[in-house]
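The values are calculated or read from the model by the stated rules, or taken from the named source; none is laboratory data. Remember, it's a predicted structure, so these values are computed and weren't measured experimentally. Every residue, glycine as well, gets a Cβ built from its backbone with ideal geometry; the counts of neighbours run over all protein chains shown. For accessibility, only protein heavy atoms count, side chains too; no ligands or nucleic acids. Shrake-Rupley method; radii C 1.70, N 1.55, O 1.52, S 1.80 Å.
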Amino acid sequence: MSRKIQIAPSLLSCDFARLGAEVAAMQQAGAELIHFDVMDGHFVPNLSIGLPVLASLRRATDAVLDVHLMVSDPLTYAPQFADKGADIIVFHVESDSPVQAVIDVIKAKGKRVGLALKPATPAQAAFPYLEQLDMVLAMTVEPGFGGQRFMADICPKVAALRAECDRLGLKMDIEVDGGIDNDTIGQAAQAGANVFVAGSALFGKPDYTQAVAMLRKNALTDTVAV
């Protein structure tokens, strides 16, 4: 089943002093999503941006905002991020909140919903929920920090997710996040991913349009866009 390649620049790697301009530049460069990482210092050992930043960014852009909640209590925070302007809300199956309840509250807000899996979590953890989801995120590094090395051994998990979605007839977006660059994106695409979160491979490059296009080209080597 063919699937559209989507590039999602990760704001963790942007120049936060120029946040609005960075997002506008990536959108102009052809990126389909903007990836917004939220860390609570508990689910992962780091802190990042939160509700006020999302609200400010929402006022400044019409870009699709892909909010990744790396938090212990997504049931409390998902509706708040929905209200502040998230378009897609992705939360972790390993969180403390009941998965079905979080799916329900995100859908009740009229937002797209995604379920994220840490590297050690098997693909099968997402299977009971696939028909309710818009996206599955397979972490290709341990969540919490940018700049880590791509874990190629996650590719079989991506392939298992894609195979199960195909079996169910679901045209699912499968996102990968961590260590995605021009050398690794092809492996993830070949496994079945079609949404690629990239940080240092995009932000800070002299030509954002060229950087986005190069990632897309390397992904398209191994899959088909629609």
Yes or no: the range 57-65 includes at least one residue that is among the hydroxyl-bearing types (S, T, Y) and under 30 Å from P206 (Cα atoms). yes
Those strands (runs of 3 or more DSSP E) completely within the range 108-179 that have 3 or more residues that are in contact (Cβ under 8 Å) with a residue 24 or more places away in the chain and of a type in the set (K, R) are none
Give the residues of the range 123-147 that are at pLDDT below 95 and either more than 14 Å from A159 (Cα to Cα) or open to solvent by 50 Å² or more (accessible area, probe 1.4 Å) (or both), sorted by residue number. V141, E142, P143, G144, F145, G146, G147
Any idea which residue in the range 37-94 is surrounded by the most Cβ atoms within 10 Å (Cβ to Cβ), counting only those that are more than 26 Å from P119 (Cα to Cα) and in contact (Cβ under 8 Å) with a residue 40 or more places away in the chain? A63
Just name the residue that is nearest to P128 (Cα to Cα) out of those in the range 148-176 that are of a type in the set (D, E) and surrounded by 13 or more Cβ atoms within 10 Å (Cβ to Cβ). E164
Look through the range 95-107, keep the residues that are buried (at least 17 other Cβ atoms within 10 Å of the Cβ) and part of a loop (DSSP other than H, G, I, E, B), and return whichever of them is farthest from the chain's Cα centre (by Cα). S97
Do you know which of the residues in the range 204-226 that are over 19 Å from T140 (Cα atoms) and in a loop (DSSP other than H, G, I, E, B) is modelled with the lowest pLDDT? V226
Just one of (1) part of a helix (DSSP H, G or I); (2) under 18 Å from G178 (Cβ atoms) trips up T76, so point out which. (2)
Residues that are over 18 Å from the mean Cα position of the chain (by Cα) and under 24 Å from Q27 (Cβ atoms): does the range 120-134 have at least one? no
Identify all residues within the range 28-49 that are out of contact with any Lys or Arg (no Cβ under 9 Å at 6 or more places or on another chain) and either among the hydroxyl-bearing types (S, T, Y) or more than 16 Å from G199 (Cβ to Cβ) (or both); write none if there are none. Q28, D40, G41, H42, F43, P45, L47, S48
Subset of the range 1-57 (residues that are closer than 19 Å to T140 by Cβ, of a type in the set (A, V, I, L, M, F, W, C) and over 18 Å from the mean Cα position of the chain (by Cα)): none
